[in-house]
Structures are given as C-alpha cells and as structure tokens.
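One structure below.
The numbers here are math on the coordinates, done by the rules we state, and not lab data. Computed from a prediction, not measured in an experiment: that's the story for all the values here. Here the Cβ positions follow ideal geometry from the backbone for every residue, glycine too, while neighbour counts run over all protein chains shown.
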C-alpha cells in the first residue's frame, strides 16, 4: 500500500492553535492509506493563556510531588518566551522551541500548557515517548485541557496504533468540547481501524455537522464509503471536499476510485489524470490509470 501526503500546511497565526508542518501519515497497519484531520497536533502559543493554576476546583493541589515552588515570572517574561517559541516553530527550529518550553516549565512546574506544547514539538521531531510523557504531565495538571486529550489521542492513533486508547482520548476531548469536529473525525478513524463502521459513520456525520465548511470532514466520511462500497455517496462527499479545496490531488484520486467502483471508466480516468497533473508522484492515481488501461496521459 502506498503512502500519500495529507498536505496540511501551517495556518500561519502565531497566537492560535497551529498545524505542525506537513502531516504525512504512514499507512503501515492502517485500513486506509491516509486520513485527514484539521490539526494533527495542536500547539497553543497564546501569550494570553495566563499561568496555570495549581489548584483544582475543590482546592486540592494538582502539581507533581516534590516539585520546587515556581518562580514568579518577571512582567512580560512569559509573553516574551511564548512569542519566541512561536517564532521558532514558524522558522522550523524545534530544538530551540523545546528549550524555550522547558524554560517555561522551569519557571512554573505547574504550567500545563507548556508541558503540552513541549510534547507537541517532541512528537513532531519523532520523540514519541517523551512527547507522551509531556501530554500525561499536562493532563495530570489540567484534566480539562481539551487540546491535550486531542493531541494524545492522535499520537495513540497515528503513531502507536492503540486505537482503543485513541477512542478514549478523543471521547474525553468531545466531552470537554462537544462541537470540536477534529475529535469526531479522529475517533471515527480509530473506530474504522477496529471495523466499527457504524460508529465511525456516526462520528463522521457529527464532524460534518459541526464543521460543514471544512474539506477534511467530507474527505474522511467519503473514505469510509469507499470501504463499504457506497461509491455514489463517496463521490458526493469527495466532490464536496473538492469544492472547498479544488487543487487537492489525493481527493481527486480518491474520487477516481469511487467512479471506478461504479464502472464509470472515463470519469475515473479524468480524475486520476487530473490528480497526476497536480502531483506527478501520486501512486494511487498512477495505479488507477494502470488498472483502467489509460496509459500515462
């Protein structure tokens, strides 16, 4: 099975959640060659987040045992460090970003946001175990941190293939933010790997309902329809995704597969060829043309 790029670029806003670089999802061990999420991992670098409280709602401490009393940051220091960390991420300097988040944690060991951010950067550079440790630390401090549940679920899903764990984490993210479409799509993809197609479809439907303007919701549901052989429904969703992102080679190739499933050879070839025009290395489009005897043109 080939691997295609999910093609999720950074959104470019340093004080909003970020997509981390181009997300390429390995097909190894997964039912589909690729899935799409709005943000594979979320990086929170908002200087307005404020310091993390050391107490739960009931007043009990949530900081780890034997931690030092946090220093009080100088006025504006946290903001400057967050701004610098965000700049490092945009510049593709993850090592420097990790160091800056580590400094924020040194200043305040109860800063759950910095644990989550450092974990996100570590995951992005392949430090999976350390990244998961940071997510766990963030959630121990702030079990209401929806983004950390979502991120940890993605790591369980895409890196560790622990699909049931991923479902649990995405479910917690949904409990905290019931209209967060990416968590529904992530949970749907995890359920699809376990053969829970009805549950996956319900999640994808909810994702579309929560965020109908985004191509990824339709793309994911269309992929499920390909598996279940509901090719006309897949075409409808792939077309909706293309209406929102018309220059997407992978979606064109996938729609070509749906047309091929219906026996509509010319439409399938048109999509495969259009996909190759956009991405000459796209193996699924090359293979489709080969199956249909359409040559290289």
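Could you tell me which of rounded, prolate or oblate describes segment 97-222, using a ≥ b ≥ c as the square roots of the eigenvalues of the alpha-carbon gyration tensor, with rounded for a/c under 1.5 and, failing that, prolate when a/b is larger than b/c and oblate otherwise?
Verdict is prolate for segment 97-222.
For segment 226-297, what does the alpha-carbon gyration tensor say about shape, rounded, prolate or oblate, given a ≥ b ≥ c as the root eigenvalues, a/c under 1.5 as rounded, and a/b over b/c as prolate?
Oblate shape, in that a/c is at least 1.5 and b/c is the bigger or equal ratio.
Packing-wise, with mean Cβ within 10 Å as the measure, how do 221-231, 240-250 rank, highest first?
221-231, 240-250
Once you sort the root eigenvalues of the Cα gyration tensor of segment 168-260 as a ≥ b ≥ c, which label holds: rounded (a/c under 1.5), prolate (a/b larger than b/c) or oblate (the other case)?
oblate
How high is the relative contact order of segment 247-297, given as a whole-number percent (alpha carbon pairs under 8 Å, six or more residues apart)?
36 percent
How high is the relative contact order of segment 92-176? Use alpha-carbon pairs under 8 Å, at least six apart in sequence, and give a whole percent.
For segment 92-176, the relative contact order is 21 percent.
Under the definition of Cα pairs under 8 Å and six or more residues apart, what whole-number percent is the relative contact order of segment 148-276?
It rounds to 14 percent for segment 148-276.
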